[in-house]
Amino acid sequence: MARDTVAEIIRLYSKLYTRHRRVRADVKRAFGRIRVCRTSALGAHLKRCECGHVCSVEYNSCRHRSCPQCQGARKAGWLKKIAEQLLPCAHAHVIFTVPEELNVFWQDNRRVFAEILLLAAQETLKTLLSDPQHLGATPGIISVLHTWGRNLSIHPHVHCLVTSGGVDDDGVFCKPARSILLPNRMLMQVFRGKMREALIRGIRRKELEIPSGLTSAKCISLFNRLARSDWNTRVLESYTHGTSVAGYLAKYLGGNPISGRRIERCSDREVVFRYRDHRDGRQKQMRLTPVEFLRRWSEHVPPKGLRTIRRCGLYANSCGPVREQVRQQLQDSSAVEAAAASTEAQRVSALEPERCPLCNAEVALRVIARPLKRPMIPKSPAICLTRPP
């Protein structure tokens, strides 16, 4: 099989998968783009150095965010940008997960459910950290939406990178008094309450589509019952600098839930891939038919236009001047920590430009062939209306 196994499975079996079932328009669009990625259908480009040495001629990429072949440069560029903007202070990694009973609402309301989940996670952190009992300040938050588990199951959850500190009303950066940013029990209770309120409001305003077999009363009853159970929220240990957590989040920047390295073999009968079971931490194998593999994979294609990365607080785009003032405060107050954070950020670099093997000059790209545009063919013959004489 080809080097990129995920893309090859889509090329071989996506038409079989879409033949006898209803498929979302976002999934059809992803399949169509990935099938022609780096093929002659998208045109080609020439790699040439300043001295005129031709290095290679390669096909263009589709640049779809679910494509497993097109995410390397995007991830490296995002990580480089974030590493330069991170404040030189400790950061905490916080995870918010919803119960699996809500997966049916996710499948029918991907965009609305994602907005509710991301907003509830951010509001939970801002509400608790603005309380003087915990911090009494505005933190910096970067949240990323993930929708898959290690075995490609539906598992909506949010990873948050949170500064261990924030800016108070006087513009002074203050650090938490405790080693743990927030108590996990209280974090879970506040997040659970905000999710319950948002889901009930979405049902009553008819913003959420009710799954088949349920009614609005049954949905509200389910939300109330889940509000009495424990949800999975975790506050992981703090890191000296947030670059390591940002690197973890960059791996899930696109919508591709599995890399080709995890797939061991593929045939017309089954697709075998490795995954780590979170229950015992062991590496195991999952065997699925190609159609079932694509069904699970397509569940994680994000809707068009959905922003899976959100920034608020000190990391909001509108807080650039305040963030620079805080950076100066931290560099003046703790030169050692600031120097360590700067060194950690400098280790993160974008993709190095390709060099010519003959003269070591930087290689430039030139488009030599563009994809052909489809001719517009009317579905029915044109009707000419003439005015009677």
- With a cut-off of at least 3 residues that are in the same structural domain as Asn151 (by TED's automatic domain parsing), surrounded by 14 or more Cβ atoms within 10 Å (Cβ to Cβ) and modelled with pLDDT of 70 or more, name the helices (runs of 4 or more DSSP H) lying wholly within the range 285-389. 320-333
- Within the range 14-30, how many residues turn out to be part of a helix (DSSP H, G or I) and either loosely packed, with under 12 Cβ neighbours inside 10 Å or free of Cβ contacts under 8 Å to residues at least 24 places away in the same chain (or both)? 3
- Note on the structure: Of the residues in the range 162-200, those that are closer than 15 Å to Gln133 by Cα, surrounded by 15 or more Cβ atoms within 10 Å (Cβ to Cβ) and among the small types (Gly, Ala, Ser) number 3
- Task: For residues that are in contact with an Asp or Glu (Cβ under 8 Å, 6 or more places away or on another chain) and among the polar types (S, T, N, Q), scanning just the range 63-109, find the one that is nearest to Pro156 (Cα to Cα).
- Result: Gln107
- Query: Does any residue in the range 180-208 that is assigned by TED's automatic domain parsing to the domain that holds Ala114 come within less than 7 Å, Cβ to Cβ, of a residue that is outside any helix (DSSP H, G or I) and of a type in the set (Ser, Thr, Tyr) six or more places away or on a different chain, and which pairs are these?
  - Reply: Leu181/Ser164; Leu181/Ser238; Asn184/Thr233; Leu187/Thr233; Met188/Thr233; Phe191/Thr233
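The values are calculated or read from the model by the stated rules, or taken from the named source; none is laboratory data. Source: prediction; values computed, not measured. Counting neighbours? That spans all protein chains shown, and the Cβs are built from the backbone with ideal geometry, glycine included.
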